[in-house]
Amino acid sequence: MKATGVTRRIDELGRIVIPKEIRRNLGIRDGETLEIYTNEEGIFLQKHSVLHNMAEIGTKLCEIISSVLDIEILLTDREKIIASTYHKELIGQNIPLEFMKLVDNRESLKSDYATTYKIDNTELTGYFSIVPIIASIDSLGLVVIIAKNNTNMQDIAKLVSKIMAEKLDI
């Protein structure tokens, strides 16, 4: 753990303010949920992703759909890939900035021509259908489908998104 040299007082309600510079450096956005851990020495805050708890179910769902339809599927949280039928080593990698914007803006995307996105050192090329995963009112991540041809996969992406969101809302 790295010391920041920043100190803050706790107010009468037990709150502290995390300085803007630290939030910016760690990519913590307004309204984002943090998990609180403790040990004998202190308190540790970490960004919380409800989708991480769903990664195993999401992976199985994506593998079944991928094998039936001969497509590749990625599931992401707001920042990282949590499941992949494309390359398993993509799991844990940061998503491209274009994908982060889709999560933040709750937007879908369908490419009408072959497109390439780079994640780490891997280039993903194909026809993309991307749909946000929205549970309650929060945009939690994305379903990314990569097809070899210009078949409309938006409905499949919406189906996976809906299944993941319904599982989270239970």
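What follows is calculated from the coordinates using simple rules that are stated; it is not laboratory data. Quick caveat: nothing in here was measured; it's all calculated off a predicted structure. Counting neighbours? That spans all protein chains shown, and the Cβs are built from the backbone with ideal geometry, glycine included.
For q values of 0.13, 0.20, 0.26 Å⁻¹, compute log₁₀ I(q)/I(0) with the Debye formula on a Cα-only model of segment 1-48, without solvent. Each listed q maps to, in turn, -0.34, -0.86, -1.41.
Which translational diffusion coefficient, to the nearest whole µm²/s, is obtained for the chain from the Stokes-Einstein equation, given a Kirkwood hydrodynamic radius over C-alpha pairs, 37 °C and 0.692 mPa s?
Working: Rh = 17.5 Å.
Reported coefficient: 188 µm²/s.
The chymotrypsin sites (Phe, Trp or Tyr not before Pro) found in segment 50-155 that occupy coil by DSSP, while having at most 14 further C-beta atoms within 10 Å, are Tyr113.
Check every DSSP H run in the chain and write down those whose alpha carbon atoms cover 27 angstrom or more along the long axis and whose mean Kyte-Doolittle hydropathy is 1.0 or greater. If you can, show how the numbers build up before the last one.
On the way: long enough: none.
Span-like helices, by this rule, are absent here.
With the contact rule set at Cα under 8 Å and sequence spacing of 6 or more, what percent relative contact order holds for segment 1-48? Before the final figure, lay out the partial values.
On the way: 27 pairs, mean separation 10.4, N = 48.
Answer for segment 1-48 is 22 percent.
Applying Stokes-Einstein at 10 °C and 1.306 mPa s to the Kirkwood radius of segment 48-113, computed over alpha-carbon pairs, gives a translational diffusion coefficient of 126 µm² s⁻¹. A DSSP coil position with no more than 13 other Cβ atoms inside 10 Å describes the following GluC sites (Glu not before Pro) in segment 84-155: Glu107. Modelled spin labels at Asn25 and Thr38, positioned 7 Å past Cα toward Cβ, are 2.6 nm from each other.
Measuring between their Cα centroids, segment 1-45 and segment 89-130 lie 31 Å from each other. Trypsin sites (Lys or Arg not before Pro) within segment 38-129: which are DSSP loop residues with at most 16 other Cβ atoms inside 10 Å? Loop-located and lightly packed - Arg106.
Work through the residues other than Asn94 whose Cβ is under 10 Å from its Cβ and net out their charges, Lys, Arg +1 and Asp, Glu -1. Please list the in-between numbers first.
Details: positive: Lys80; negative: Glu79, Asp120.
Net of charged neighbours comes to -1.
Across segment 84-145, the convex hull enclosing all Cα atoms gives 84 Å³ per residue.
State, as an integer percentage, the relative contact order of the chain based on alpha-carbon contacts under 8 Å between residues 6 or more apart.
That works out to 16 percent.
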